[in-house]
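Student: So that we are looking at the same thing, I have put the structure below in structure tokens.
The values are calculated or read from the model by the stated rules, or taken from the named source; none is laboratory data. In this text the structure is predicted, and so the values were computed from the model without any measurement. Backbone-built Cβ (ideal geometry, glycine too); neighbour counts: all protein chains shown.
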Amino acid sequence: MKKLLLPLVLLWSCTDNLQDIALDTGYDFYPLEKSMHWLYKVEEVNFDAFGGDTTRYFLEERIGDSLIAPSGEVRYLLERYRGEDSLNMKLDSIWTVQKFQNSLVVTENNLSIVKLTFPVEVGKSWNGNAYNSKDERLFYYESGTDLDEVKVVISDIPQNLVNQDERYEVYQRGVGLVRKNYITLSFCSVNCSSELGEIQSGRILKQQLISYGKR
């Protein structure tokens, strides 16, 4: 009986480890709990045919009250505050966040986007527009710069003669969204009033987390 004890202990330990691995869905890449908040520093450049206009501001996102969606899932209000400094913020908009068993959906200005899918696996792809009427767009996971980060690539079209569309978001375990970089530009390619290849329209947005926690 004593000879069987050690193998049984090892088997039990291995089983526990396998269960831990199986349960690693990645839900903690977006903590969803009332009173959670994230403060970001944002730089945004909006372009038209006359040039670019740069705006710098602070953005705070707060998890507010929860609602029961028609599907029976819990939907949280995401209150978004904006200001020129972090001590003087005004309500800018209210989005919603809904975490399903296999995905996390954020509704931004009435547009529902599948931001994450579970389990989180590098190389995995999905249709980010699955819950809206826009054309299919494949999002996919890449490794982040740190082991506890994952990068969500939304679009990866490098600069060409017509446009540039490079967008990604980075999420960190136990934290949530930590970085957002969007470059969506259109270039003049024919009958240009300015130089060929000049930016005609578009936006560059850089958003960086500076603090987070629970109120």
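Student: Which residues, counting only those in the stretch 117-156, are over 21 Å from F100 (Cβ atoms), assigned to a loop (DSSP other than H, G, I, E, B) and of a type in the set (S, T, N, Q)?
Tutor: T145
Student: Being more than 22 Å from T25 (Cα to Cα) and either modelled with pLDDT of 95 or more or of a type outside the set (D, E) (or both) is the requirement here; does K124 meet it?
Tutor: Working: more than 22 Å from T25 (Cα to Cα): no; either modelled with pLDDT of 95 or more or of a type outside the set (D, E) (or both): yes.
No, not satisfied.
Student: Identify, by number, the condition in (1) within 17 Å of the chain's Cα centre (by Cα); (2) modelled with pLDDT of 95 or more that D53 doesn't meet.
Tutor: Only one criterion is unmet by D53, namely (1).
Student: Now, a different point. Return the residues of the stretch 143-156 that are surrounded by 14 or more Cβ atoms within 10 Å (Cβ to Cβ) and not basic (K, R); say none if nothing qualifies.
Tutor: From the stretch 143-156, those surrounded by 14 or more Cβ atoms within 10 Å (Cβ to Cβ) are 144, 149-155; that's our starting set.
Selection gives G144, E149, V150, V152, V153, I154, S155.
Student: Here's something else I'd like to know. Hey, among T117, T96, which residue is within 21 Å of Y212 (Cβ to Cβ), among the β-branched types (V, I, T) and buried (at least 17 other Cβ atoms within 10 Å of the Cβ)? If you could, list the steps in order and put the result at the bottom.
Tutor: Values: T117 fails: within 21 Å of Y212 (Cβ to Cβ).
Exactly one residue qualifies, and that residue is T96.
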